Structure formats: structure tokens, C-alpha cells
Amino acid sequence: MNLFFSSYIARTTAGIAVVIGLQLGVCSTGFAASIDVDNIRASLLLQKEPAGAVTPTAAKAAILKAPKTLVIAGRIAAAKGMDPFVKGKASFAMLQLPDDHASQPGHNADDCPFCKKRLANAPMVAVQFVGTDNKELPIDARDLFGVKDGEEVVIRGVASFNAKLALPIIQLKADGIYIRK
């Protein structure tokens, strides 16, 4: 009787978990489907590159004391081969662009000791596009903007930095993106 009862409880609990999971999936899918992607894209995609873009390193120095509205230039990427995108969210990681000397013919920033050192000390930028409710938009940034890993972008938004975190990460609640060609 005890074995039967515990087996029944386990099957019932698993069944409830599946039903709840399906309900949550339907709700989130329904919510994502109700978003006007074209309207959101039009409101966030900047036609001209905003003036005054700074590097993540300069941004960190500017926001050490308090959050601030900034324009930050970088490339969509994450450290050590990780995926810079958050699947199903309008978010991605951004790293500092290589130095001007990196534009020399034949230069490879990944092999250059000067670039490696400079980029290793630069903070990563965690970019989040939020809606009017201040919640992260539930649509993949790749689908929303057509961006990909390695692409150079300029992001406008409110940046903050928490020096107590183990890794140097700038949080950027973005309200505009310009994609460099």
C-alpha cells in the first residue's frame, strides 16, 4: 500500500509539473506573440549613429558613482567563446572594440598581445532592451534587430556599475541601437 501510494504521488506530481510547464509556455508564447515587433524595432533602431559614443572602459569610469545615460560603442561578443545572446530575450553581451592600431592591414586583435591585455581589462556590457513596463522584452535580439555575434553596435541607454561584483560588468538598460555597417 505504501509503495502504491508513493508511486501515485510521484506520477501525480510529475503530471501537475507538466501541466504547469505547458501553461507557462502557452502564456509566455502568447505574450511574445502579442508584441508588435515591427513597432518595437522601429522605436529602438537608430537611423544615425549617436554622437559621443564611449568605450566600455570610459563608461565604467563615468558611472562609478551613479548611473548615467550614455552612448557606448562595442561589439556583440562574450568572453571565452560563450554565446553573447540570451535566447528569447532582447539582451546580449558587448565587449570593447580593438584599438585604432588594430585597423592596420593584417592585424589580428585576437593574436595581438597589446589588444589582448587592453581587452582583458575592459568591462563587459550586459545590454538589455526593456519595454514601457521596464521589463526585458521577450523577443530574441537576433530576431528583433537582425544582429549577430561579432557585429559592431552603438547602444544608448542608462548605464550602471556595481563595483562589488566579482566581474566588471556594466548593466545597460538600452533605449536605442545603431548597427555599424
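What the table below lists for this structure:
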{"item": "Exposure proxy order (Cβ contacts within 10 Å, fewest to most) of Thr57, Thr132, Thr69", "result": "Thr132, Thr69, Thr57"}
{"item": "Fewest-first sequence of Lys80, Lys148, Lys48 by Cβ atoms within 10 Å of each Cβ", "result": "Lys80, Lys48, Lys148"}
{"item": "Inter-label distance, nm, simple model (7 Å from Cα along the C-beta direction), Asp38/Ala61", "result": "4.5"}
{"item": "Rounded to 5, percent antiparallel among DSSP beta bridges of the range 37-179", "result": "75"}
{"item": "Cα centroid of the range 47-98 to Cα centroid of the range 112-169, whole Å", "result": "4"}
{"item": "Viscosity 1.306 mPa s, temperature 10 °C, Stokes-Einstein D of the range 37-179 from Kirkwood C-alpha radius, µm²/s", "result": "103"}
{"item": "Relative exposure of Arg156, Arg142, judged by other C-beta atoms within 10 Å (fewest first)", "result": "Arg142, Arg156"}
{"item": "Placed amide H near Lys148: partners under 5 Å, 5+ positions off or other chain", "result": "none"}
{"item": "Partner aspartates and glutamates for Lys89 [C-alpha distance under 17 Å; skip if fewer than 8 residues away on the same chain]", "result": "Asp36, Asp38, Asp133, Glu136, Asp140, Asp143, Asp149, Asp175"}
{"item": "Theoretical FRET efficiency, 1/(1+(r/R0)^6), r = Cβ-Cβ of Thr69 and His107, R0 35 Å, to 0.05", "result": "0.55"}
{"item": "Stretch gain in nm, segment Lys117-Met82, where the contour uses 0.36 nm per residue and the Cα spacing is subtracted", "result": "10.7 nm"}
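Any read-out appearing in this document is the output of simple, stated calculations on the displayed coordinates, not a laboratory observation. None of the values given here were measured: they were computed from a predicted structure. Because the Cβ atoms are built from the backbone with ideal geometry, glycine has one as well, and the counts that use them run over all protein chains shown.
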